[in-house]
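J.: I have a structure I would like to understand better, so I am pasting it below and will then ask my questions one at a time.
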Amino acid sequence: MGPILVIAETDRAELTDGARELIAKAREIGAAIGTQVAALAFGPGARAALGQVAVDEAIAVTGVAVEEYNPEAYEMTALDAVRERHPALVLLTNTTLGMDLGAGIAAALDLPMVAYAVAVGTGGGRLVATSQVYGGKLLAEVEVPEGSVVTIVPGSWAAQGIEGSPRKEVEIASAPAPRMVLQGILQPESGGDVDISRSDILVSVGRGIQDKDNIDLAEEFAQAVGGVVSCTRPVVDAGWLPRSRQVGKSGRTVKPKLYFALGISGAPEHLQGMKDAELIIAVNTDASAPIFEVATYGVTTDVLDLLPALTERLQAGGSN
Ligand code: FAD
């Protein structure tokens, strides 16, 4: 049986949290079914990033063609790796890149693919994945035939016990030259400096914040608690905050220690991105809002009254 092949995303010379989670799972499944784990990463930081994890084979793809995401160059290289190794399973993160590349590999090699997976493991001698369907409203359990491509929603489990070094390192220094040429990368106009997935405290606002001007109330509160402001999709669609701050299905998946859900109803597409926060405090005028079903603590009140009062207390040092 071929190895479990993880296609690992990197951020400079580090693996992303999602990639680390894939390696942890690949090691677990590999041990259960008696096969090895290979990890493949692209870009100038690939070698350094893979050098920190205990896998059987680390494949670093470097060279100008893969310095940034080039779908064609990435896919051609990944296809070579898959054809050569006949992996038992190909794991990618369920990110824009992972879904694009995963679907490309599956289509080119006619392999089955499971996207939006939140669990994958062995059961009764079979490989089984649990996948979110209908925007996370339902979970489907599906059997994963050998050789399948599975994209996993980041944050679905913890990345534990992966530290170490690869038993074998391979460098592919010349990825095939693609016909597709990257013209440049457009950075978000503003807010791109904040990576909301890295903050321990998120002050997240929804449509209940009512108006763009009230975002300042959330910013002041976030500053007082040492957090960062994030939001729901309608807030982004209204142009009140940049897309980089959006939490949920079509935004970021976050797992902070503390998540304030302020004027957020708790739609499945939003919950998908934040339900695993360690502590959730929800504030909503509607006591029947679904957000209260996942909240650790809930307050039924007007967020526009509560926020300035809380900020004032915090700024006063909590002395009154
Ligand atoms: P609403 O649902 O309108 O809720 C506003 C809440 O504020 C209400 O519960 C109301 O009671 C409360 N409220 C009103 N005034 C106050 C006040 N003064 N004080 C306190 N509470 C108040 N959504 C996301 O968030 N992220 C995503 O990534 C995402 N992706 C999507 C992908 C797809 C394919 C689709 C179809 C939808 C997606 N959505 C996403 C949209 C999602 O379905 C919901 O529409 C959205 O999450 C609702 O945002 P909201 O809670 O801010 O607004």
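J.: When each pair of different Cα atoms in segment 69-131 is counted once in the 1/r mean, what is the Kirkwood radius in angstroms, to one decimal?
T.: 12.5
J.: At a 1.4 Å probe radius, carbon and sulfur cover how many percent of the accessible area of the chain?
T.: 49
J.: OK, next. If you fit an axis through the alpha-carbon atoms of helix 96-109 and take the longest principal axis of the Cα set of the chain, what angle between them do you get, 0 to 90°, nearest 10?
T.: Long axis of 96-109 versus the principal axis of the chain: about 30 degrees.
J.: Follow-up. Mean residue ellipticity at 222 nm from the helices of the chain, using -39,500 (n - 2.57) per DSSP H segment of n ≥ 4 over the full residue count, to the nearest 500 deg cm²/dmol?
T.: It comes out at -8500 deg cm²/dmol, rounded to the nearest 500.
J.: Moving on to the next point. Taking the solvent-accessible surface of protein heavy atoms with a 1.4 Å probe, what is the per residue accessible area of the chain in Å²?
T.: Value returned for the chain: 48 Å² of accessible area per residue.
J.: Now for a separate question. Count charges around residue 224 for me, please; just the other residues with Cβ under 11 Å from its Cβ, Lys/Arg as +1, Asp/Glu as -1.
T.: -2
J.: Here's a follow-up. Let me see the P(r) profile for the chain: every Cα-Cα distance counted, bins of 20 Å, each bin given as a percent of all pairs.
T.: Over the chain, the share of Cα pairs per 20 Å bin runs 31, 51, 18, 0 percent.
J.: Using packing as a proxy for protection, rank 134-142, 22-30, 237-245 so that the peptide with the highest average count of other Cβ atoms within 10 Å comes first.
T.: Working: 134-142: 13.3, 22-30: 22.9, 237-245: 16.8.
Descending packing order for the listed peptides: 22-30, 237-245, 134-142.
J.: For residue 255, give me every one of the aspartates and glutamates with a C-alpha distance below 16 angstrom, ignoring sequence neighbours fewer than eight places off in its own chain.
T.: The qualifying aspartates and glutamates are 17, 21, 195, 200, 269, 276, 278.
J.: Oh, and also: Apply the a/c threshold of 1.5 to the C-alpha gyration tensor of segment 190-240 and tell me whether it is rounded, prolate or oblate. Spell out each step's value before the answer.
T.: Values: a/c = 1.87, a/b = 1.31, b/c = 1.43.
Judged from the Cα gyration tensor, segment 190-240 comes out oblate (a/c at least 1.5, b/c at or above a/b).
J.: Please give the FRET efficiency for residue 99 paired with residue 11, using the beta carbon to beta carbon distance and R0 = 30 Å, rounded to the nearest 0.05.
T.: 0.95
J.: Further question: Averaging over every viewing direction, what projected area does the convex hull of the Cα atoms of segment 1-115 cover, in nm²?
T.: Here the figure is 6.3 nm², rounded to one decimal.
J.: Report the charge-dipole magnitude of segment 1-80 in Debye, nearest 20, computed about the Cα centre from +1 at each Lys and Arg Cβ and -1 at each Asp and Glu Cβ.
T.: Once rounded to the nearest 20, the dipole reads 280 debye.
J.: Over the chain, what is the relative contact order in whole percent, taking alpha-carbon pairs under 8 Å and six or more residues apart?
T.: Working: 722 pairs, mean separation 46.7, N = 320.
Taking the mean separation of contacting Cα pairs over the length of the chain, I get 15 percent.
J.: Give the shape of segment 118-235 as rounded, prolate or oblate, defined through the alpha-carbon gyration tensor: a ≥ b ≥ c are the square roots of its eigenvalues, a/c under 1.5 means rounded, and otherwise the shape is prolate if a/b is larger than b/c and oblate if not.
T.: prolate
J.: Please report, to two decimal places, log10 I(q)/I(0) for segment 217-317 at q = 0.10, 0.15, 0.18 Å⁻¹ as given by the Debye formula with identical point scatterers on the Cα atoms and no solvent.
T.: -0.25, -0.58, -0.85
J.: To check you understand DSSP bridge types, tell me what percent of the beta bridges within the chain (both residues inside) are antiparallel, rounded to 5.
T.: 25
J.: Would you work out which of 224, 15, 128 lies farthest towards the positive end of the dipole of the chain? Charges go on Cβ: Lys and Arg +1, Asp and Glu -1.
T.: Checking the options against the dipole of the chain, the answer is 128.
J.: In nm, to one decimal, how far is the modelled label at residue 238 from the one at residue 138, with both set 7 Å along Cα→Cβ?
T.: It is 3.3 nm.
J.: Okay, next question. Where in segment 265-320 are there GluC sites (Glu not before Pro) that are in a DSSP coil and have at most 14 other Cβ atoms within 10 angstrom of their Cβ?
T.: Sites meeting the loop and neighbour criteria: 278.
J.: Compute the distance from the alpha-carbon center of segment 278-320 to that of segment 1-77, in whole Å.
T.: 41
J.: For the Cα atoms of the chain, what angle does the longest principal axis make with the long axis of helix 215-225, in degrees from 0 to 90, nearest 10?
T.: 80
J.: Follow-up question, since we're still on this one. Compute the long axis of helix 303-315 from its Cα atoms, compare it with the longest principal axis of the Cα atoms of the chain, and write down the angle in degrees, 0 to 90, nearest 10.
T.: So the helix axis and the longest Cα principal axis differ by about 90 degrees.
The values are calculated or read from the model by the stated rules, or taken from the named source; none is laboratory data. In this text, all values refer to a predicted model and were calculated from it rather than measured experimentally. Please note: Cβ atoms are built from the backbone with ideal geometry, for glycine as well, and neighbour counts cover all protein chains shown. What goes into the accessible areas is simple: the full protein's heavy atoms, side chains included, and nothing from ligands, DNA or RNA. Shrake-Rupley method; radii C 1.70, N 1.55, O 1.52, S 1.80 Å.
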